[in-house]
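Written below as structure tokens is the structure these notes are about.
The values are calculated or read from the model by the stated rules, or taken from the named source; none is laboratory data. Because the structure is a prediction, the values reported are computed rather than measured. Cβ placement follows ideal geometry from the backbone for every residue including glycine, while neighbour counts extend to all protein chains displayed.
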Amino acid sequence: MDVVVLLKQVPDTETVIKIGPDGKSIVTNDIKWVINPYDEYAVEAALRLKDSQGAHVTILSLGPQRAIESIRSALAMGADQGVLVDDPATEGSDALGKARILAAALKGIPFDLIVGGHRAVDDDENQVGIMVAELLAVPHLALAVALTVENGQVRIDRPIEGAKLTLEAPLPAMVTFGGAHAVWNPRYASLPGIMKAKKKPLEVKKLADLGLTPDQVGAAAAKVKVSVLEMPTPRQAGVKVEGDTAGKARELVRLLHEEAKVI
Amino acid sequence: MQPGHFPANLLFVLVFAAALGLFYLTARKLCRILLLGQPEDRFDQLGRRLWGVLTFVLGQRRVVREPSGWGHFFIFWGFIIITIGSLETFGVGLYHGFAYWKILGKPFTAVLYLLQDLLCAGVLIALYYAIQRRYVERPERLRFRDQEAHDQEAGIIIGMILVLIVLLFGARAVEYRLAQVEPGQYFPLTAFISVILSVPFAWLSEPHLLEWFSFFWCGHTLLILGFLVYIPFSKHLHILGAIPNVFFRRFRPIGELTKLNLEDESVETYGVSKIEEFTWKQNLDLYACTECGRCSDNCPANLTGKPLSPKETIHNLKKHVLAKGKLLLEQGEAKEGQPAEGAAAELSKALVGEVCLNDEIWSCTTCGNCMEHCPVFIEHIQKYVDMRRYLVLMESNFPPEVQTVLRNWETNSNPWGIAFATRGDWAKGLEVKTLAENPEVEYLFYVGCTGSFDERGKKVTNAMIKLLNQAGVSFGILGAEEKCCGETARRIGNEYLFQSMATELAETINGYGVKKIITTCPHGYNCLKNEYPQFGGNWEVYHHTEFLAKLLKEGRLKPQRRLDKRLTFHDSCYLGRYNDLYEEPRSLLTSIPGLRLSEMERHRNKSFCCGAGGGRMWMEETLGVQKINEARTDQALALDPEIIAVSCPFCTIMFEDGLKAREKEETVKVYDIAELLAQALETEK
């Protein structure tokens with residue numbers, strides 16, 4: 001069985017974000033880049049299939065050279081090979097553009113199952129996975145917290161309010177993952193794993209290698225554009241109301257009425 | 001047949017040679033088992049090594065640290081003197097007319113006999129004490145999981161020594177009676193105990209006396225030879241192991257763990273998962289163990305009911321190395337054929353997980369109390385870390401909470417995972433510059449993770465800034481450029497992560513040409529001082545208590561404001577036992593007017609770990625009957641202090657948690673010494 005993991009490199013969630021001078025992007029130096037946590041769950045799920053059924057796991061990523069570090073991390077965890085699409089012409093792609101690139105790349109990689117996070121924690125669009133499935137015309141199962149593959153069928157569990165939904169689809173299929181760290185517990189790479197990862201095959205591809213032209217993707221083709229990025233207003237310090245109970249109540253009502261203007 | 005006459009002397013030579021032969025074969029096997037281990041150089045400073053043998057073996061310096069050690073002192077010296085006496089007995093076995101006084105002179109022999117008689121009597125008393133301790137008092141530390149086997153073995157040893165002494169006294173007493181027949185051959189004044197014991201033999205005729213002498217002599221000799229053959233199979237293997245183990249003891253700082261070679265790509269396994277992956281010295285440690293139990297008696301994990309007792313660890317490792325080593329040697333000789341069923345089981349027994357349990361390995365706080373009190377210098381901590389290295393680097397097998405903290409170090413270079421870019425934020429608004437702003441300073445103040453990110457730790461950092469500025473010290477910080485030293489990652493066993501952290505930090509510090517460093521965390525202090533030389537970091541490193549004590553001595557700090565408080569001081573493991581800083585923190589405390597210091601029972605080198613060392617700070621403490629920090633807090637509370645003074649950010653957190661658990665956080669306060677000193681320097685308003 002061939003499993004392909006769609007993996008995105010994102011800033012570590014603790015990163016102090018600074019907006020760039022263009023007001024539409026963030027400053028990317030001084031950022032620690034990590035594997036998108038939901039993609040990491042997908043890596044873990046794929047590796048469990050490798051452990052139990054001998055699946056061959058390929059990591060596919062779209063991004064600049066630095067993304068190689070994240071691909072190597074996944075290889076260190078146990079994946080077999082990596083493919084990175086790195087082309088300046090892909091910059092500024094919207095979700096559909098990215099999906100086109102990934103779908104084109106997937107035409108050159110054998111797969112029975114495609115897995116990935118249901119969203120990336122950087123721009124939180126929740127779209128690329130679904131679009132890739134659509135472009136490849138394979139069924140898509142979203143928000144998996146459990147995964148089994150049996151007799152050419154993939155089955156997932158998805159939590160819904162107060163219950164659990166079990167969904168099934170024939171292979172080839174696309175599964176996007178939800179859950180949390182505690183659900184998937186992605187493995188910690190062993191040192192021999194890290195050493196071996198340095199020697200595992202990792203291919204870097206350009207748009208032309210995928211049979212795409214720059215006008216199909218990138219900023220020019222983007223239907224969704226970022227017009228402005230703004231930081232949320234910083235939280236104001238709270239106000240502590242002092243005094244006896246009656247005084248406190250009176251003061252609180254006054255503040256809510258005059259300052260906060262909510263009553 | 002009479003001893004020393006033909007053919008008895010021939011028979012004696014044969015028996016003696018057979019015993020020696022058996023002993024030689026066993027000793028040779030023991031050495032070959034050691035040589036299955038990895039190489040390690042312990043052949044430097046030979047003079048100092050010999051001196052160590054004189055003081056710690058002959059002088060029993062560590063043994064007599066405890067009252068029960070004096071029992072061992074007498075048995076040990078009794079053994080030596082009696083062995084000298086035994087050589088005379090062997091001489092008699094060769095030739096009946098042999099006697100020391102004939103070759104060594106009468107005065108010397110007279111003194112020797114006096115010593116022998118006294119020490120033999122001393123040994124009897126010590127044996128009584130040993131029996132009392134082992135079978136009646138049964139202190140905790142002499143207990144084992146497989147108690148019966150241990151009691152039996154100890155019984156055999158005690159019994160053998162007892163019979164040996166009785167027979168020796170018998171032989172001496174009869175000798176004295178015989179000497180009355182041939183006057184001038186004995187020393188009644190000095191060997192007075194033998195003389196008194198000879199009374200029951202007084203009415204025997206010479207032939208009967210000779211018969212008795214044969215009996216005593218043969219019994220004594222055979223028992224000694226039997227002892228020689230039995231030693232290597234018993235816990236008295238320590239007689240053979242301890243002396244070389246003291247000789248080959250470690251001179252490097254105990255706070256310096258070995259550096260793994262991660263560059264060599266031919267290496268396929270890291271850490272230790274097989275007994276032959278330990279070095280020969282690490283396995284010699286096992287031979288040396290006397291099972292005295294002082295390690296476990298001082299082990300915070302053991303004393304709070306964790307599945308770790310260093311004594312059991314060493315004992316189990318010893319059993320395993322002897323059994324597996326023997327099989328490996330046989331296998332090496334045979335080359336072919338399948339090992340027997342039992343042998344296969346021993347050979348495939350997992351060192352990590354079976355001989356030593358994972359929970360046992362993870363329970364260690366690396367506090368060093370076991371090593372500090374081991375009379376034969378066994379090095380426990382490196383073994384636990386080596387096994388952790390295997391678990392972490394090879395198996396990624398560790399308590400789940402460890403993964404989070406490892407990730408946090410990887411991404412943000414601090415255990416909480418707080419954004420690394422905010423590391424220097426504590427300094428905002430304070431009188432302190434970064435080295436980037438002003439590299440022309442004498443000292444780097446390496447603040448560390450807790451001092452940079454933890455709210456409580458930041459208060460100590462602030463106090464330090466005040467003190468350093470007040471004393472006019474020229475210093476700077478790294479600010480956001482500072483990174484975690486990696487100490488804890490190393491002790492958790494993640495040598496790979498540690499080495500990448502250490503290489504990076506050493507480069508940053510060296511990039512500013514730093515020569516001297518001050519730290520407030522004993523863990524960072526130990527790591528920078530003793531481990532960073534492995535990464536090109538050769539600096540003069542000061543712990544803040546050490547540095548402040550220096551400033552105090554130079555008169556640059558003058559604590560004047562009275563603090564009328566009762567306090568106790570908790571020695572941090574990595575400051576005290578690891579780096580021998582006991583006086584410096586105390587000198588600071590006694591310099592503050594009004595402070596009344598009282599010491600806990602376990603203080604200085606016996607200090608009881610707060611429970612946070614060795615990465616335990618970042619692991620859940622779910623095993624055992626009590627939490628280590630609460631046990632230590634109780635020990636402090638027994639003195640009814642108003643303040644618990646500490647010198648380590650981890651200890652601060654552990655005590656504050658302990659006080660909360662005892663609902664004493666309002667009445668008893670935990671302060672770092674720097675905070676107390678800063679308070680004492682404030683002018684009263």
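For the structure I just gave you, tell me whether A:ALA163 is under 28 Å from A:ASN126 (Cβ atoms), without any contact (Cβ under 8 Å) to a residue 60 or more places away in the chain and within 14 Å of chain B (Cβ to nearest Cβ). For A:ALA163, the condition - under 28 Å from A:ASN126 (Cβ atoms), without any contact (Cβ under 8 Å) to a residue 60 or more places away in the chain and within 14 Å of chain B (Cβ to nearest Cβ) - is not met. Pairs linking a residue in the range B:80-105 that is assigned to a helix (DSSP H, G or I) to a residue that is of a type in the set (A, V, I, L, M), with Cβ atoms under 6 Å and 6 or more positions apart or on different chains, are B:ILE81/B:LEU115; B:ILE81/B:LEU119; B:SER86/B:ILE224. Among the residues that make up the range A:170-189, is at least one of them more than 19 Å from the chain's Cα centre (by Cα), basic (Lys, Arg) and within 14 Å of chain B (Cβ to nearest Cβ)? No: the range A:170-189 contains no residue that is more than 19 Å from the chain's Cα centre (by Cα), basic (Lys, Arg) and within 14 Å of chain B (Cβ to nearest Cβ).
Looking across the range B:43-81, the residues that are under 26 Å from B:GLY293 (Cβ atoms), among the aliphatic types (A, V, I, L, M) and surrounded by 15 or more Cβ atoms within 10 Å (Cβ to Cβ) come down to B:VAL53, B:VAL57, B:VAL63, B:VAL64, B:ILE75.
Residue check: is B:TYR496 away from chain A (no Cβ under 14 Å) and either at pLDDT 95 or above or buried (at least 19 other Cβ atoms within 10 Å of the Cβ) (or both)?
Details: away from chain A (no Cβ under 14 Å): no; either at pLDDT 95 or above or buried (at least 19 other Cβ atoms within 10 Å of the Cβ) (or both): yes.
So B:TYR496 does not fit the description; no.
Among the criteria (1) aliphatic (A, V, I, L, M); (2) closer than 30 Å to B:ALA19 by Cα; (3) in contact (Cβ under 8 Å) with a residue 40 or more places away in the chain, the one B:LEU209 does not fulfil is (3). Take the conditions (1) surrounded by fewer than 24 Cβ atoms within 10 Å (Cβ to Cβ); (2) within 17 Å of the chain's Cα centre (by Cα); A:TYR41 misses just one of them, which is (1).
Tell me the strands (runs of 3 or more DSSP E) entirely within the range A:87-171 that contain at least 1 residues that are surrounded by fewer than 21 Cβ atoms within 10 Å (Cβ to Cβ) and touching a Lys or Arg at 6+ places or on another chain (Cβ under 9 Å).
Values: elements: A:113-117, A:140-144, A:146-150, A:153-160, A:163-170.
The strands (runs of 3 or more DSSP E) meeting that bar are A:140-144, A:146-150, A:153-160, A:163-170.
The numbered conditions (1) of a type outside the set (A, V, I, L, M); (2) in a loop (DSSP other than H, G, I, E, B); (3) touching a Gly at 6+ places or on another chain (Cβ under 7 Å) are all true for B:ARG632 except (2).
Applying a threshold of 8 Å to beta carbon distances and a minimum spacing of six or more residues, or different chains, the list of pairs starting in the range A:53-69 at a residue that is farther than 20 Å from A:GLY97 by Cβ and ending at one that is modelled with pLDDT under 95 and among the acidic types (Asp, Glu) is empty.
On the basis of being under 30 Å from A:ALA79 (Cβ atoms), in the same structural domain as A:SER93 (by TED's automatic domain parsing), loosely packed, with under 15 Cβ neighbours inside 10 Å and basic (Lys, Arg), does A:LYS196 make the cut?
Values: under 30 Å from A:ALA79 (Cβ atoms): yes; in the same structural domain as A:SER93 (by TED's automatic domain parsing): yes; loosely packed, with under 15 Cβ neighbours inside 10 Å: yes; basic (Lys, Arg): yes.
So A:LYS196 passes the test.
So is B:TYR384 among the hydroxyl-bearing types (Ser, Thr, Tyr), under 24 Å from A:GLY193 (Cβ atoms) and away from chain A (no Cβ under 12 Å) or not? Yes, satisfied. Applying the set (1) in contact with a strand residue (DSSP E or B) (Cβ under 8 Å, 6 or more places away or on another chain); (2) free of Cβ contacts under 8 Å to residues at least 40 places away in the same chain; (3) within 30 Å of A:ASN36 (Cβ to Cβ) to B:GLY417 leaves exactly one unmet item: (1). When A:VAL239, A:VAL226, A:VAL217 are checked against the criterion of being closer than 30 Å to A:LYS107 by Cα, at pLDDT below 95 and not assigned by TED's automatic domain parsing to the domain that holds A:GLY92, A:VAL226 stands alone in meeting it.
Filtered by the rule that a residue be under 14 Å from B:HIS523 (Cα atoms), touching a residue at least 12 places away in the same chain (Cβ under 8 Å), in a loop (DSSP other than H, G, I, E, B) and of a type in the set (D, E, K, R), the range B:561-619 gives B:ASP571, B:ARG577. So in the range B:266-288, with the set limited to residues that are of a type in the set (Asp, Glu) and in contact with a Lys or Arg (Cβ under 9 Å, 6 or more places away or on another chain), which one is nearest to the other protein chains (Cβ to nearest Cβ)? Among those residues, the one meeting the criterion is B:GLU276.
Summed over the range B:251-265, residues that are within 14 Å of chain A (Cβ to nearest Cβ) and either under 21 Å from B:ASN397 (Cβ atoms) or outside any loop (DSSP other than H, G, I, E, B) (or both) total 2.
Where in the range B:463-556 are the helices (runs of 4 or more DSSP H), entirely inside, with at least 3 residues that are of a type in the set (D, E, K, R) and within 30 Å of B:VAL392 (Cβ to Cβ)? Write out each step before concluding.
Values: elements: B:487-492, B:495-511, B:522-526, B:544-553.
Per the criteria, B:487-492, B:495-511.
Selection within the range B:428-457: residues that are in a helix (DSSP H, G or I), more than 14 Å from chain A (Cβ to nearest Cβ) and more than 21 Å from B:TRP539 (Cβ to Cβ). The member of this set that is farthest from the chain's Cα centre (by Cα) is B:GLU455. Taking the range B:309-373 and the helices (runs of 4 or more DSSP H) fully enclosed by it, the elements with 1 or more residues that are surrounded by fewer than 18 Cβ atoms within 10 Å (Cβ to Cβ) and at pLDDT below 95 are at B:310-334, B:341-347.
When the range B:519-545 is filtered for residues that are surrounded by fewer than 24 Cβ atoms within 10 Å (Cβ to Cβ) and within 18 Å of B:ASP672 (Cα to Cα), only B:TYR542 remains.
All conditions in (1) more than 14 Å from chain A (Cβ to nearest Cβ); (2) surrounded by 23 or more Cβ atoms within 10 Å (Cβ to Cβ); (3) in a helix (DSSP H, G or I) hold for B:ILE378, with the sole exception of (3). Scanning the range A:1-16 for residues that are part of a loop (DSSP other than H, G, I, E, B) and either among the small types (Gly, Ala, Ser) or within 11 Å of chain B (Cβ to nearest Cβ) (or both) gives A:ASP12, A:THR13, A:GLU14, A:THR15, A:VAL16.
Is one or more of the residues making up the range A:17-33 in contact with a Gly (Cβ under 7 Å, 6 or more places away or on another chain), among the β-branched types (Val, Ile, Thr) and more than 14 Å from chain B (Cβ to nearest Cβ)? Write out each step before concluding.
Keep residues of the range A:17-33 that are in contact with a Gly (Cβ under 7 Å, 6 or more places away or on another chain), which gives A:26-27.
Among the residues that remain, those that are also among the β-branched types (Val, Ile, Thr) are: A:26-27.
Restricting the remaining residues to those that are more than 14 Å from chain B (Cβ to nearest Cβ) gives none.
The answer is no; no qualifying residue exists.
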